[in-house]
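Read the structure below first, then the notes.
The values are calculated or read from the model by the stated rules, or taken from the named source; none is laboratory data. Keep in mind the model is a prediction, meaning the values are calculated, not measured. Note that each Cβ is placed from the backbone with ideal geometry, even for glycine, and that neighbours are counted across all protein chains shown.
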Amino acid sequence: MRRNRIIVALLIGVVLVPLMFEVEFDPHFSLPRTVTGADAAQETRYQQCVSRQTDQATREALDTADNPDVQSLMIRIRQNEAATECRNRHPERRIQVEEPLSFNLVDLRWRF
């Protein structure tokens with residue numbers, strides 16, 4: 001009798017999981033390894049620099065020109081200049097990061 005209850009519980013679980021969750025089979029396995037990647041702190045400084053200069057360029061364009069097309073052009077030109085200037089100030093740094101052993105078989109996402 002107990003064996004029947006276990007079988008029924010497993011069957012109910014097998015039926016309810018696909019009803020309650022989106023099931024995606026995503027087999028993934030990787031051994032521990034060393035990977036070279038961008039330094040997150042340096043990239044943050046670069047993005048903040050670009051953001052500050054873009055904000056300043058936007059304010060200047062809105063104060064200077066009345067034509068929206070001219071304002072947009074001024075902002076885009078300044079964005080390109082800011083990206084180059086900030087990259088020179090904050091050059092890309094590559095660091096080595098140790099990735100641990102990872103594996104994945106199934107991804108579950110709540111449907112509701």
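Any residue at all in region 14-24 that is touching a residue at least 24 places away in the same chain (Cβ under 8 Å), surrounded by fewer than 10 Cβ atoms within 10 Å (Cβ to Cβ) and closer than 20 Å to S102 by Cβ?
Yes: one or more hits.
Residue-wise test of (1) modelled with pLDDT under 90; (2) over 22 Å from the mean Cα position of the chain (by Cα).
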| site | (1), (2) |
| --- | --- |
| V17 | yes, yes |
| T44 | no, no |
| Q47 | no, no |
| V50 | no, no |
| Q71 | yes, yes |
| R78 | no, yes |
| A82 | no, yes |
| E85 | no, yes |
| E92 | no, no |
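For region 59-97, what are the residues that are touching a Ser or Thr at 6+ places or on another chain (Cβ under 9 Å) and β-branched (V, I, T)?
V70, I75, I95, V97
Please work out if S30 is within 29 Å of E98 (Cβ to Cβ) and of a type in the set (S, T, Y).
So S30 passes the test.
How many of the residues making up region 33-63 are touching a helix residue (DSSP H, G or I) at 6+ places or on another chain (Cβ under 7 Å) and not hydrophobic (A, V, I, L, M, F, W, C)?
4
Does A40 meet the test of being of a type in the set (G, A, S) and under 30 Å from W110 (Cβ atoms)?
Against the criterion (of a type in the set (G, A, S) and under 30 Å from W110 (Cβ atoms)), A40 qualifies.
Residue by residue, here is whether (1) surrounded by 12 or more Cβ atoms within 10 Å (Cβ to Cβ); (2) free of Cβ contacts under 8 Å to residues at least 60 places away in the same chain; (3) of a type in the set (S, T, N, Q) holds:
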{"residue": "C49", "(1), (2), (3)": "yes, yes, no"}
{"residue": "D69", "(1), (2), (3)": "no, yes, no"}
{"residue": "S72", "(1), (2), (3)": "yes, yes, yes"}
{"residue": "Q79", "(1), (2), (3)": "yes, yes, yes"}
{"residue": "Q96", "(1), (2), (3)": "no, no, yes"}
{"residue": "E99", "(1), (2), (3)": "yes, no, no"}
{"residue": "V106", "(1), (2), (3)": "no, no, no"}
